[in-house]
1. Please pick out the residue among A:79, A:112, A:101 that is assigned by TED's automatic domain parsing to the domain that holds residue A:136, among the acidic types (Asp, Glu) and open to solvent by 10 Å² or more (accessible area, probe 1.4 Å).
2. Where in the stretch A:140-238 are the helices (runs of 4 or more DSSP H), entirely inside, with at least 2 residues that are within 13 Å of chain B (Cβ to nearest Cβ) and surrounded by 16 or more Cβ atoms within 10 Å (Cβ to Cβ)?
3. Return the residues of the stretch B:236-281 that are in contact (Cβ under 8 Å) with a residue 60 or more places away in the chain and under 27 Å from residue B:205 (Cβ atoms); say none if nothing qualifies.
4. Could you say whether any residue in the stretch A:136-151 is under 17 Å from residue A:231 (Cβ atoms), at pLDDT 95 or above and in the same structural domain as residue A:205 (by TED's automatic domain parsing)?
5. Using the structure shown, decide if residue B:191 is closer than 16 Å to residue A:179 by Cα, in contact with a Leu (Cβ under 8 Å, 6 or more places away or on another chain) and modelled with pLDDT of 95 or more.
6. Inspect the stretch B:123-145 for any residue being in a helix (DSSP H, G or I), within 13 Å of chain A (Cβ to nearest Cβ) and within 25 Å of residue B:191 (Cβ to Cβ) and give the result as yes or no.
7. Kindly indicate the residue of the stretch B:214-229 that is open to solvent by less than 60 Å² (accessible area, probe 1.4 Å) and touching a residue at least 40 places away in the same chain (Cβ under 8 Å) and also nearest to the other protein chains (Cβ to nearest Cβ) among those meeting that condition.
8. Condition (residue is basic (Lys, Arg) and in contact (Cβ under 8 Å) with a residue 40 or more places away in the chain) applied to the stretch A:182-190: is it met by at least one residue?
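The values are calculated or read from the model by the stated rules, or taken from the named source; none is laboratory data. Since the structure is predicted, the reported quantities are computational estimates derived from the model, not experimental observations. Virtual Cβ from ideal backbone geometry, glycine too; neighbours counted across all protein chains shown. Each accessible area value is taken on the protein alone, full model and side chains, heavy atoms only, with ligands, DNA and RNA left out. Shrake-Rupley method; radii C 1.70, N 1.55, O 1.52, S 1.80 Å.
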Amino acid sequence: MKNLHDEKEVLQEERSILTAPLQRRSFLQFAGAGAAGIALIAAGCKKDKHIDDGAGNMGGVTLDFKDDLGVLNYAYALEQLEAAFYIQVAATPYANISAPELAYFKDIQFHEIAHREFFKNALGQAAIAGLEVDFSKINFADRTSVLGTAKAFEDLGVSAYNGAGKLLKSTAYLTLAGKIVSVEARHAAYIRELISPNSFSNVEVVDAVNGLDKSRDPKAVLAIAGGFVKTKINVINL
Amino acid sequence: MNIVDILEEIEKVDGEVYERFSPRRAAMKQFFNVGKKISLAAVPLALGSMFNKAYGQSTLPANVKAVLQFALTLEHFEAAFYTQALKATGGADFSGSTQATLDKAAIGIISAHETAHVNFLKGVIGADAVAAKASYDWTASGNFPNPFATGNYGVFLAVAQALEDTGVRAYKGQAPALVGQGGVLEAALNIHSVEARHAAKIRYMRNQNGFSIKPWITGGNDSGVANAAAVYAGEENVIQAGITITGINGTPVNVNAATESFDEPLTTDQVLAIVKLFGVS
């Protein structure tokens, strides 16, 4: 399916290109009105080149774990996936969704958008491109399918952040990851309660002996997340 | 948690860690072989005794140990709170309703986790792990009515929420002190996210019991308890790493969503100021 994030990005790009000439009269004088059309085509090319990621991995993105930026891009990839999922859930709610459930799904949607956009801005030029998602296995009209996927994504996100903390060298980034992971855990607990009361921290995710939540390393996480992403995700220096 | 990770990380700080584990690598190998056979329940104990033997009681890097002791101090308090809540006499005032029965089961789950955290941390710290207080002041020096008095079930849930949200914020605040500490950091993060699951569940329970509140923290003090202000100080933050989250990149992320999407840390001093009222020190 069409990536919503990508689509929005392209729209924003188009808008800026269309409005830019108005701010630069001299450019308009020389190039005339036709320039906007040409610029749009150029924007399309730039987009393709961006997916190249500058590392020669045409058609994919590369998470380079040589430094903290790689870890942040890893988080950015996961947040893109989550945001795209909840945007779809909020746009096409499952049948007979209750008002409180819809309200909370909209909340979660905005949380994930906030996370995604935060990482995008924090990474700046170092950000990977927008991922193209594949939600063909999810039936958005069916509550069970949506809740099951939401639970899987949230538990995956929690375990991913828990496993990635030790890869970070910056205390500032570690704190930021900590600020986000507890919100993902709140989502996970809520969605689990919708599926089955008192499953908020059951043995699927929290071991009964030590009371510790799960951690997953990036390879294990991406093996699961990859099932929902069309874009090839390359991992190096891990 | 991966014990090998913990050892590897300690090795970075203390290159002789493997030698400390008596007497040589063979002993380690033996331990892991034994580990395969012993029941899971014995692991924290075995882990604790191994750390003990390796370091005596005081050679865990001081800053790491301080963090773990601080965490244990809080876990003792939380565990005692839920143990009290579940007592047949003098416990929380669960009614006989279906909701209350479900709530009580949830408190039982949370209680078991907090006790597990206590035992886990005691095992890692060793013989000089801080002890639980003999008693706590559940009214927080008169800031709340007694959460365990008859008819005060709503107070109990409100205090539980404040404790869980404090726990989340406390662990988050300690994480920077554990950067580069591998397994110890990971274990702290693994507890941190469990506290967040608990916090969300307690908030959801309050909602099911008729108090309008979300599983996530909206704005600052959304607890409905003015005296809990210190627990939520700074949660209203909407700027992360210099980036304004409200309306970020033209998205419809409003102020509430901006505050909800990031939980904030508390410093050690902020946490101590909160729990001191309950007799925690």
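1. On the way: A:79 fails: open to solvent by 10 Å² or more (accessible area, probe 1.4 Å); A:112 fails: open to solvent by 10 Å² or more (accessible area, probe 1.4 Å).
Among A:79, A:112, A:101, only A:101 is assigned by TED's automatic domain parsing to the domain that holds residue A:136, among the acidic types (Asp, Glu) and open to solvent by 10 Å² or more (accessible area, probe 1.4 Å).
2. Details: elements: A:143-164, A:171-195, A:218-225.
Passing ranges, in order: A:143-164, A:171-195.
3. Result: B:263, B:264, B:265, B:266, B:270, B:271, B:274, B:275, B:277, B:278, B:279, B:280.
4. So far as the stretch A:136-151 goes, yes, one or more of its residues are under 17 Å from residue A:231 (Cβ atoms), at pLDDT 95 or above and in the same structural domain as residue A:205 (by TED's automatic domain parsing).
5. yes
6. Yes.
7. So in the stretch B:214-229, the residues open to solvent by less than 60 Å² (accessible area, probe 1.4 Å) come out as B:214-220, B:222-223, B:225, B:228-229.
In the following step, the residues that additionally are touching a residue at least 40 places away in the same chain (Cβ under 8 Å) were identified as B:214, B:216-219, B:223, B:225, B:228.
Numbers: B:214: 7, B:216: 5, B:217: 8, B:218: 9, B:219: 13, B:223: 15, B:225: 19, B:228: 18 Å.
Applying the filter and picking the extreme gives B:216.
8. The initial filter retains those residues of the stretch A:182-190 that are basic (Lys, Arg), namely A:186.
Okay, now just the ones that are also in contact (Cβ under 8 Å) with a residue 40 or more places away in the chain, so none.
No.
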